[in-house]
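First up is the structure itself, then whatever we jot down about it.
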Amino acid sequence: MSVVSDVWDPASVDDRPKSIRTTAQLAGDAAETLVLRRLVEAGWAVLARNVHVGRLELDIVAVDPGPPAALVIVEVRWRRSRAFGLAEETVDHRKRARIRQGAYALLDLGSLPDGRTLPHLPLRFDLVVIEPGDRGGEPRIRHHRAAF
C-alpha cells in the first residue's frame, strides 16, 4: 500500500541554476542528491527537497514506510573531513529548533508549497551525515533515525 501517490522523481535531481552556486553549495547539493537516491532505493517516498516555510528550509521531506510509517524531516550534513569535529556536532540546539519550527509550520499548513497534501502520519526528525570515503572510495553515510 502506497502512502503517497505523487512523490519526488529521482530523475529530476536538481533544477537550480548551478552558475550561481559556490563549490561548497554544489558539494552539499550532491550530498543531498545521494541521500535522496538512497532513501528511494530503500523504499521511501520522497515528497520534496529544500522546502521553504517562510524563512526556514527543510532539506528533505519524506515518508518512511516503516513499520511504523512516519513523515520524516531529514537534515543532511556533509563534511569534507573531521578536522573540526563530527558533522553531527554541527546540529546544535539552535539548528534543531529551526528545523522543528519549520516542520511544525509545514504541518500547520497541511500541505507542501506545491499544494500537495501532507500525509497524516507521526512526525520524526532524522539526520544523515555524509563524509568522503577512504582514498576516494564510496562516501561514508550515517543515518541517525529520530536524531532529535
Residues whose placed amide H lies under 5 Å from that of F148, excluding near-sequence neighbours
F125
The FRET efficiency for R55 and R135, from their Cβ-Cβ distance with R0 = 35 Å and rounded to 0.05, is 0.30
Looking at the stretch 67-111, which chymotrypsin sites (Phe, Trp or Tyr not before Pro) are DSSP coil and have at most 11 other C-beta atoms within 10 Å of their C-beta?
F84
Would you mind giving the three semi-axes, in whole Å and largest first, of the ellipsoid equivalent to the stretch 70-132 according to its Cα gyration tensor?
28, 12, 10
In the neighbourhood of A97 defined by beta carbon distances under 15 Å, the net charge of the other residues (Lys, Arg +1; Asp, Glu -1) is +3
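Computed from the coordinates by the stated procedures, all read-outs in this text should not be read as laboratory data. Being a predicted model, the structure only gives us computed values, none of them experimental. All Cβ positions, even for glycine, are placed from backbone atoms using ideal geometry, and neighbour counts span all protein chains on display.
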